[in-house]
1. I'd like to check something: does segment 188-204 contain any residue that is aliphatic (A, V, I, L, M), surrounded by fewer than 16 Cβ atoms within 10 Å (Cβ to Cβ), in a helix (DSSP H, G or I) and at pLDDT below 90?
2. Exactly one of (1) closer than 15 Å to ARG219 by Cβ; (2) at pLDDT 85 or above is unmet by GLN169. Its number?
3. Does segment 68-86 hold any residues that are touching a strand residue (DSSP E or B) at 6+ places or on another chain (Cβ under 9 Å) and at pLDDT 90 or above, and which are they?
4. Does segment 141-156 include one or more residues that are open to solvent by less than 70 Å² (accessible area, probe 1.4 Å), outside any helix (DSSP H, G or I) and of a type in the set (S, T, N, Q)?
5. Which residue pairs have Cβ atoms closer than 9 Å, lie 6 or more positions apart in sequence or on different chains, and pair a first residue in segment 117-135 that is farther than 18 Å from THR208 by Cβ and of a type in the set (Asp, Glu) with a second residue that is at pLDDT 95 or above and open to solvent by 50 Å² or more (accessible area, probe 1.4 Å)?
6. Please determine whether any residue of segment 111-118 is modelled with pLDDT of 90 or more and either over 20 Å from the mean Cα position of the chain (by Cα) or open to solvent by 60 Å² or more (accessible area, probe 1.4 Å) (or both).
7. What residue, among those in segment 82-110 that are of a type in the set (S, T, N, Q) and under 20 Å from the mean Cα position of the chain (by Cα), is surrounded by the most Cβ atoms within 10 Å (Cβ to Cβ)?
8. Where the second residue is β-branched (Val, Ile, Thr) and open to solvent by 20 Å² or more (accessible area, probe 1.4 Å) and the first is under 19 Å from VAL197 (Cβ atoms) and lies in segment 57-80, which pairs have Cβ atoms under 8 Å and are six or more apart or on separate chains?
Amino acid sequence: MVLAGDRRCSSGDRVVPCILWTMPVGNLAVRIWEEPLTLSLSSIQRSKSLHEQIYETLRSSILSGEIPAGSRLIETQLSEQLQVSRTPIREAIRQLQRETLVTTDASGNLRVAKVSAADAEQLYDCRIALEQLAIESACRHASPSQLRELEAIVTQAEQLAAQPQHHVQMLDLDYRFHRTIAESSGNGWLVFLLEQVFSQMTLLRTQTTRQNPSVLEIRVEHRQIYTAIAQQNPEAAIAAMREHLEASRQRVIEQLNWGRSSD
């Protein structure tokens, strides 16, 4: 339950108004002050419906980590910040719930989803199966322009790898690399299915790389995958992709377990 309050919380060098809410824990009611989110619709395209614009703004903020995993979403607060009515806010949140990017906690509050270690295991199982199909087809169907794009992505990642502060760009490069492989397969349904997995994986990777950027180690592994595709060697490509994703799974699970033990 949200309560009115005049309390102000310090956030770095800023002092901002906070929201007081209560969460039932057993027979107790725990009172918590929580800093409101800060969002902007400055990049909105007016050619789209309002709820689509709000959905894209919220989704981008969630997947980029601007709104961290576990953050509470309050319709009235979002309505005030984005200067729109609650109806398009509610529609956008429902769409995010269908994508499981927003969930409801035990108290009925809306929160940005947090990916558990068990969820991560299952996501990687799906991703490994789908990406092995994608890379096998990519070895046969990748065009010269797609191969050039893959090589450019790998080179850019290698140049950024020594700079941990660029982990957001590295996440984008990782997504673009795997998305380009999927597109190179020539299988539109495979691209569609992988896109659903990629959204959850982006949430997962954002959640873990904020704590430890070294989790996203892709330089050598992506180079090996690209080389196998360029040589049209499906056996080597499948082996390289599986090895890459299994190594990624291990790094991510270890980070999730470490984060849980340190809470």
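1. Within segment 188-204 (the criterion being aliphatic (A, V, I, L, M), surrounded by fewer than 16 Cβ atoms within 10 Å (Cβ to Cβ), in a helix (DSSP H, G or I) and at pLDDT below 90), the answer is no, since none of the residues qualifies.
2. (2)
3. Narrowing segment 68-86 to residues touching a strand residue (DSSP E or B) at 6+ places or on another chain (Cβ under 9 Å): 68-77.
Within segment 68-86, SER71, ARG72, LEU73, ILE74, GLU75, THR76, GLN77 meet the criteria.
4. Filtering segment 141-156 for residues open to solvent by less than 70 Å² (accessible area, probe 1.4 Å) gives 142-143, 145-147, 150, 152-155.
Subsequent filtering for residues that are outside any helix (DSSP H, G or I) retains 142-143.
Next, from what is left, pick out any that are of a type in the set (S, T, N, Q): 143.
Checked against the condition, which is being open to solvent by less than 70 Å² (accessible area, probe 1.4 Å), outside any helix (DSSP H, G or I) and of a type in the set (S, T, N, Q), segment 141-156 yields at least one hit.
5. The qualifying pairs are GLU131/ARG242.
6. Yes, segment 111-118 contains a residue that is modelled with pLDDT of 90 or more and either over 20 Å from the mean Cα position of the chain (by Cα) or open to solvent by 60 Å² or more (accessible area, probe 1.4 Å) (or both).
7. Of segment 82-110, the ones of a type in the set (S, T, N, Q) are 83, 85, 87, 95, 97, 100, 103-104, 107, 109.
Next cut, under 20 Å from the mean Cα position of the chain (by Cα) only: 95, 97, 100, 103-104.
Numbers: GLN95: 18, GLN97: 14, THR100: 14, THR103: 14, THR104: 10.
Looking at the filtered set, the residue picked out is GLN95.
8. LEU63/THR202; SER64/VAL168; GLY65/VAL168
The values are calculated or read from the model by the stated rules, or taken from the named source; none is laboratory data. Everything quoted here is computed from the prediction, not taken from an experiment. Methodologically, a virtual Cβ is constructed for each residue, glycine included, from the backbone with ideal geometry; neighbour enumeration extends over all protein chains shown. To get the accessible areas, we keep the full protein, side chains included, count just its heavy atoms, and leave off ligands, DNA and RNA. Shrake-Rupley method; radii C 1.70, N 1.55, O 1.52, S 1.80 Å.
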